[in-house]
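What follows is one structure encoded as structure tokens, with my remarks underneath.
The values are calculated or read from the model by the stated rules, or taken from the named source; none is laboratory data. From a predicted model like this one, the values you see are computed outputs, not experimental measurements. As a convention, Cβ positions derive from the backbone with ideal geometry for all residues, glycine included, and neighbour counts pool all protein chains shown. To get the accessible areas, we keep the full protein, side chains included, count just its heavy atoms, and leave off ligands, DNA and RNA. Shrake-Rupley method; radii C 1.70, N 1.55, O 1.52, S 1.80 Å.
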Amino acid sequence: MWIRFRKILLLVSITLVYVVADDFKEEIFIKPLPPTNLYVYFQFITQNEETSFEHSHLAPRSLGEIMSRYQVDELHLTLTEGQWRHNKWGYPILDASSGAELYAWFSPSVTDVDTHWRKLSATLSGLFCASLNFIDNFNTVTPQMAMWPMGAIKVNKNVTSQLRYATLPREIVCTENLTPWKKLLPCESSHGFAALLNSRMIHNTNYHSIGVHVRKICKVEDCSEINLEIKQTVALVYDLKIINSLDWSFRKLFGQGLPGPCPLSSSSKIYVDVSSNDTFPFKLNPLPDSVVLSQRGGSDTTLAIYNIIPTNHMINIGAEYGTKDKVLVTIPPPLTFNRYVLGYGKEFGGIVTEIKNNYWAPIDIVLLENAPWWLPIQLSSLRINGEAQSKLVKSLYYSPGRSRQKPYHLELLMRLPSKSTTTITIDFEFVFLKWQEYPPDANHGFYIGSALISANLPTARNYTSLPVTGSTMDSIINASKPWYPAIFRTNGAMVSLPTPDFSMPYNVICLACTVVALAFGPLHNICTKELVLKAVGSPISLRQKIMNLFKKKQD
């Protein structure tokens, strides 16, 4: 009996060790985007010391098993609807491409990365009810310069060979994706900040994006011990004109107040950026618990912080604006960009990317163009500001595509001069597809994924991203660095490929079916029925038939 009791006590103590090891935090970052927009960013951080996920208390085991089964060191998945306007809104905390975007680093011990990549995308497709199973080699690239891991890795390893990146620009984000996403949270959507994520309200925004980001972080300075961090994010941009008021509150934005923190969270905080209060004054209600001034990279940011504690009533944080008839002039961020398609007809076209450096010093960037196999880009037609040979290009990587097997991949390492606009133009050809390869709405057009722009910004103006080593919003306060890494996504594009008249086969089928239907009846009767002459009484001659006919008329 005593031995059995000791075994039970040992199991309980082991379970308590794992319970203490897990940590969960939830945060909301709110930033007004004058004059009529509001940026709301949710992040839920779960840290787990057990990377094998044999025991899990707060971290989602379904996601952890995927990471361990396919030997994934770092994973980033976003599902986005809408376009982020960098020129007007500045930079988001985490930028995302329209549609579905997935990229992952696999363990160095993985030899067949492509096989693991296909299995990973198919498994995530079932977990999040998305069309990620359409990711294959024909729409996957391996970036060489544009992307870097955010987690703890060994610097002596070739990380680019273990990286895979793919996008599905046609993917639509809906409630079917949000519901399984919320089930990965410790409190799901019943308690905590996730209770505000009402699909009826957040899908009515100008921009909404949900994401899952998994990486390994160092527990100690020498990185001898590693934790697994799972961060779930939601980014929303509201148009205050839709709610018919510049005054915003939780009830207006989400349809309800905040019921309180998640009981399993160790920290629940709300950050409101009140830096625009000097030019576009507003008053927060209720008053924040503290106000912090953050000086980061030559930019001053004032943050109002709310520490959410358990309460018996709904929490409704809002802002009331004083003067509402001001016209504001927005200051553009250091780096802005635009992308559009050239050409006419159905033979040749071109993709143009304009990048503007608004800073007084040069900025180094990496531009990644990922063209699908049905849109072959011609490297010989590459022009930088109209020149075939430009001194702005420091390094170039090009991987030609192959029909129905791999996309076209182009990366440019460039140094943008100060106060300048750089135009990158590359031509492409239209190809003819097989009739089975056209989507159901082929005349709507074909979407091209966003281009990636990686930059080391010399200033933190309009920059709200977390440091590489940071996990919570506290890490951005007074976090000045020599440079600030960022990866931006340009706006997508759409082209119209040569499309056959799909109504003609329909007409031919209808006509053929009509002819067959009309001919089938008589042919069937002739082939199946037998004509038999049946004699009734004595035979009547033709003369007698005519005489009988006249008799009937006289009667």
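Would you confirm, using the coordinates I've provided, whether Val291 is aliphatic (A, V, I, L, M) and either surrounded by 19 or more Cβ atoms within 10 Å (Cβ to Cβ) or touching a Gly at 6+ places or on another chain (Cβ under 6 Å) (or both)?
Taking the combined requirement at face value, the residue does not satisfy it.
For every residue, the table says whether it meets (1) of a type in the set (Ser, Thr, Tyr); (2) exposed (fewer than 15 other Cβ atoms within 10 Å of the Cβ); (3) closer than 21 Å to Thr142 by Cβ.
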{"site": "Tyr397", "(1), (2), (3)": "yes, no, yes"}
{"site": "Gln405", "(1), (2), (3)": "no, yes, yes"}
{"site": "Arg415", "(1), (2), (3)": "no, yes, no"}
{"site": "Ser418", "(1), (2), (3)": "yes, yes, no"}
{"site": "Thr422", "(1), (2), (3)": "yes, no, no"}
{"site": "Phe430", "(1), (2), (3)": "no, no, no"}
{"site": "Leu433", "(1), (2), (3)": "no, no, no"}
{"site": "Glu437", "(1), (2), (3)": "no, yes, no"}
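It is to be established whether one or more residues within the stretch 493-506 are surrounded by fewer than 18 Cβ atoms within 10 Å (Cβ to Cβ), of a type in the set (Val, Ile, Thr), over 22 Å from the mean Cα position of the chain (by Cα) and under 30 Å from Ala442 (Cα atoms).
Yes, there is a match, as at least one residue in the stretch 493-506 is surrounded by fewer than 18 Cβ atoms within 10 Å (Cβ to Cβ), of a type in the set (Val, Ile, Thr), over 22 Å from the mean Cα position of the chain (by Cα) and under 30 Å from Ala442 (Cα atoms).
Give me the residue from the stretch 48-98 that is more than 21 Å from the chain's Cα centre (by Cα) and aromatic (Phe, Trp, Tyr) and, out of that set, most open to solvent (accessible area, probe 1.4 Å).
Going through the qualifying residues, I end up with Tyr70.
Filter the stretch 209-232 down to residues that are among the small types (Gly, Ala, Ser) and in contact (Cβ under 8 Å) with a residue 12 or more places away in the chain and give me whichever is nearest to Leu163 (Cα to Cα).
Going through the stretch 209-232, the residues among the small types (Gly, Ala, Ser) turn out to be 209, 211, 224.
Add one more test, that the residue is in contact (Cβ under 8 Å) with a residue 12 or more places away in the chain, and what stays is 209, 211.
Numbers: Ser209: 23, Gly211: 18 Å.
Among those that are among the small types (Gly, Ala, Ser) and in contact (Cβ under 8 Å) with a residue 12 or more places away in the chain, it is Gly211.
Of everything in the stretch 257-287, what is modelled with pLDDT of 90 or more, in a loop (DSSP other than H, G, I, E, B) and open to solvent by 10 Å² or more (accessible area, probe 1.4 Å)? Give them in sequence order.
Passing the criteria: Pro259, Pro261, Pro263, Leu264, Ser265, Ser266, Val274, Pro286, Leu287.
Mind listing whichever residues of the stretch 224-256 are open to solvent by 20 Å² or more (accessible area, probe 1.4 Å), of a type outside the set (S, T, N, Q) and touching a helix residue (DSSP H, G or I) at 6+ places or on another chain (Cβ under 9 Å)?
Matches in the stretch 224-256: Ile243, Gly255.
Can you tell me which residues in the stretch 344-360 are open to solvent by 60 Å² or more (accessible area, probe 1.4 Å) and either hydrophobic (A, V, I, L, M, F, W, C) or free of Cβ contacts under 8 Å to residues at least 24 places away in the same chain (or both)?
Passing the criteria: Tyr344, Phe348, Trp360.
Residues are listed down the side, and each one gets a yes or a no for (1) outside any strand (DSSP E or B); (2) among the aliphatic types (A, V, I, L, M); (3) within 30 Å of Thr167 (Cβ to Cβ):
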| site | (1), (2), (3) |
| --- | --- |
| Ile309 | yes, yes, no |
| Val341 | no, yes, yes |
| Val352 | no, yes, yes |
| Ile365 | no, yes, yes |
| Asn370 | no, no, yes |
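Within the stretch 517-529, count every residue that is open to solvent by less than 90 Å² (accessible area, probe 1.4 Å) and either within 25 Å of Leu342 (Cα to Cα) or hydrophobic (A, V, I, L, M, F, W, C) (or both). Give the derivation first.
Residues of the stretch 517-529 open to solvent by less than 90 Å² (accessible area, probe 1.4 Å): 517, 519, 521-522, 524-525, 528.
Those still in the list that are either within 25 Å of Leu342 (Cα to Cα) or hydrophobic (A, V, I, L, M, F, W, C) (or both) too: 517, 519.
Adding up the residues that qualify gives 2.
Condition check: within 25 Å of the chain's Cα centre (by Cα) and assigned by TED's automatic domain parsing to the domain that holds Thr459. Does Lys356 satisfy that?
In short, yes.
If only one of Ile308, Ile363, Ile315 is open to solvent by less than 10 Å² (accessible area, probe 1.4 Å) and in contact (Cβ under 8 Å) with a residue 24 or more places away in the chain, which one is it?
Numbers: Ile308 fails: open to solvent by less than 10 Å² (accessible area, probe 1.4 Å); Ile315 fails: open to solvent by less than 10 Å² (accessible area, probe 1.4 Å).
Going through Ile308, Ile363, Ile315 in turn, the sole match is Ile363.
Of everything in the stretch 171-190 that's at pLDDT below 90 and not in a helix (DSSP H, G or I), which residue is farthest from Glu74 (Cα to Cα)?
Once the filter is applied, the top-ranked residue is Ser190.
Restricting to the stretch 101-142, count the residues that are modelled with pLDDT of 90 or more, in contact with a Lys or Arg (Cβ under 9 Å, 6 or more places away or on another chain) and assigned to a loop (DSSP other than H, G, I, E, B).
Summing the residues that are modelled with pLDDT of 90 or more, in contact with a Lys or Arg (Cβ under 9 Å, 6 or more places away or on another chain) and assigned to a loop (DSSP other than H, G, I, E, B) in the stretch 101-142 gives 4.
Output yes when any residue across the stretch 434-445 is touching a Pro at 6+ places or on another chain (Cβ under 8 Å) and closer than 30 Å to Lys391 by Cβ, and no when none is.
No, there is no match, as no residue in the stretch 434-445 is touching a Pro at 6+ places or on another chain (Cβ under 8 Å) and closer than 30 Å to Lys391 by Cβ.
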